[in-house]
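Asker: The structure under discussion is supplied below as structure tokens; questions concerning it will follow.
Bear in mind that the values in this text are calculations on the coordinates, not laboratory data. Remember, predicted model here, so these are calculated numbers, not experimental data. Note: ideal-geometry Cβ built from the backbone for every residue, glycine included; neighbour counts use all protein chains shown.
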Amino acid sequence: MTLNINPLIAAGVVVTTAATDAVYVMFTSAVNARRPARAATWSSMWYLLAAFAVISYTGNPVYALFAAAGSWMGAYSSVRWLSRTEKTIDKAPPPAHKPPAPIS
């Protein structure tokens, strides 16, 4: 069994994997901060980096653009939905407060 390793592809895998993990952290941070456009942008970058494997299987990089577009739309709409849900919860009236009875 011979190991036929292309050093450029190996280096590309290492760099892409490192970048993908870094972008994932930024994506998660943007989602936690409820920043829909930022989360969507990080998500599409995440898919573009992950497309390295898709391209090697399909041989057609056009699919990566579709994956990035779908990722952007999905992340944007989910963070917007989370933000809207959070605002609805925040608008609930506070519970009634009764001051303590005076001591006689």
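Asker: Starting from 0.36 nm per residue, how many nanometres of slack lie between I55 and S77 once their C-alpha separation is accounted for?
Answerer: On the way: separation 22, 0.36 × 22 = 7.92 nm, distance 2.66 nm.
Contour length minus the Cα-Cα distance gives 5.3 nm.
Asker: Same structure again: Label V14 and N32 with points 7 Å out from Cα along Cα→Cβ: what is the distance between them in nm?
Answerer: In this crude spin-label approximation the distance works out to 2.9 nm.
Asker: If each of Y24 and N4 carries a label point 7 Å out from its Cα toward its Cβ, how far apart are those two points in nm?
Answerer: In this crude spin-label approximation the distance works out to 3.0 nm.
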